[in-house]
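Novice: After the structure tokens below, expect a handful of questions from me.
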Amino acid sequence: MTEHSEPEVFLPEVEPKDALDVFGEHIGQARQFLDLLVRDGDLLGLIGPRELPKLWSRHILNSAVVAELVDDGQLVADVGSGAGFPGIPMAILKPSTEFVLIEPMERRASWLSDVVVPELGLSNVQVLRGRAEEAPLKNYDVVTARAVSALPKLLRMLVPLTVSGGQVLALKGSKAQDEINQSKSLAKKLKLDTFEIVTVGQNILSDPTTVVRVRLL
């Protein structure tokens, strides 16, 4: 008789203390977002089951702290939003800032627009299904991206959406400086002003977020 190993079970991460510190009065919406991800994530291919044990720390909180780099009243595009990262956690924290989530995959875009936005009551969020190159607006103050592409390719994609004097915020890992070095040759062509590595959430999170901030001329 052959023994069958039990399938591995992944449980959602228990809410860390950091969550309340980050979201404050908006913690209810953050919890709702987590519940929706747990309910629909695997079924719709939004997140893999292995991501459940780090849903708060690696995804929701990691995204939310980027909001400190955005001002109230700005217009923000989140390109390749996927399951809503970093756009949804940032929008929860910044109700006075307008967010446009741009996502090419239909089921993800539909989930964001038909489920997440209405259930969380996010009147400051609009969802566009399509690629960055197809976005109807080209005047965003800030454009964000997480796990979309290497920085040189990403800048070619995002800079055309960004206003003069605006900024691109790319969530990156330990190779952020290498990616900056590979992108500097684009500065003149794309009218880039400065490259900077910013660490956000370091006073709150045990694993803060690394962001490459590129300012445009």
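Novice: Before anything else, pin down the relative contact order of the chain: Cα pairs under 8 Å, at least 6 apart, normalised by residue count, whole percent. Mind dumping the intermediate values first?
Specialist: Working: 387 pairs, mean separation 36.7, N = 217.
RCO, the chain: 17 percent.
Novice: Going Cα to Cα from K17, which aspartates and glutamates come in below 16 Å? Please leave out same-chain ones fewer than 8 positions away.
Specialist: E25, D207
Novice: Select from segment 70-134 those trypsin sites (Lys or Arg not before Pro) which occupy a DSSP coil region and have at most 14 other Cβ atoms within 10 Å, ordered by residue number. It would help to have the intermediate numbers written out before the result.
Specialist: Values: sites: R107, R108, R129, R131; in loops: R131.
Passing both the DSSP loop test and the Cβ count: R131.
Novice: Here is a follow-up. Where does the chain land at 222 nm, in deg cm²/dmol rounded to the nearest 500, when only DSSP H runs of n ≥ 4 count, each adding -39500 (n - 2.57), divided by all residues? Walk me through the numbers before you get to the answer.
Specialist: Numbers: 9 runs with 62 residues, N = 217.
It comes out at -7000 deg cm²/dmol, rounded to the nearest 500.
Novice: Also, I was wondering about something else. Loop-only trypsin sites (Lys or Arg not before Pro) in segment 172-208, please: DSSP not H, G, I, E or B, and at most 16 other Cβ atoms within 10 Å.
Specialist: Details: sites: K172, K175, K184, K188, K189, K191; in loops: K175, K191.
Sites meeting the loop and neighbour criteria: K175, K191.
Novice: Quick check on segment 17-216: of the DSSP beta bridges with both residues there, what percent are antiparallel, nearest 5%? Let's see the in-between values first.
Specialist: Values: 14 of 34 bridges.
Restricted to segment 17-216, the bridges split so that about 40 percent are antiparallel.
Novice: Show which aspartates and glutamates lie in cross-link reach of K184 when reach means a straight Cα distance below 17 angstrom and same-chain residues fewer than eight apart are skipped.
Specialist: D193, E196
Novice: Provide the packing ranking of 138-144, 47-53, i.e. peptides ordered by the mean count of other C-beta atoms within 10 Å per residue, highest first. Each step should come with its number before you reach the end.
Specialist: Values: 138-144: 21.1, 47-53: 14.6.
Order by mean packing, descending: 138-144, 47-53.
Every number in this text was worked out from the coordinates using simple rules, so none of it is lab data. If you're wondering where the values come from, they're calculated on a predicted model, not measured in any experiment. Methodologically, a virtual Cβ is constructed for each residue, glycine included, from the backbone with ideal geometry; neighbour enumeration extends over all protein chains shown.
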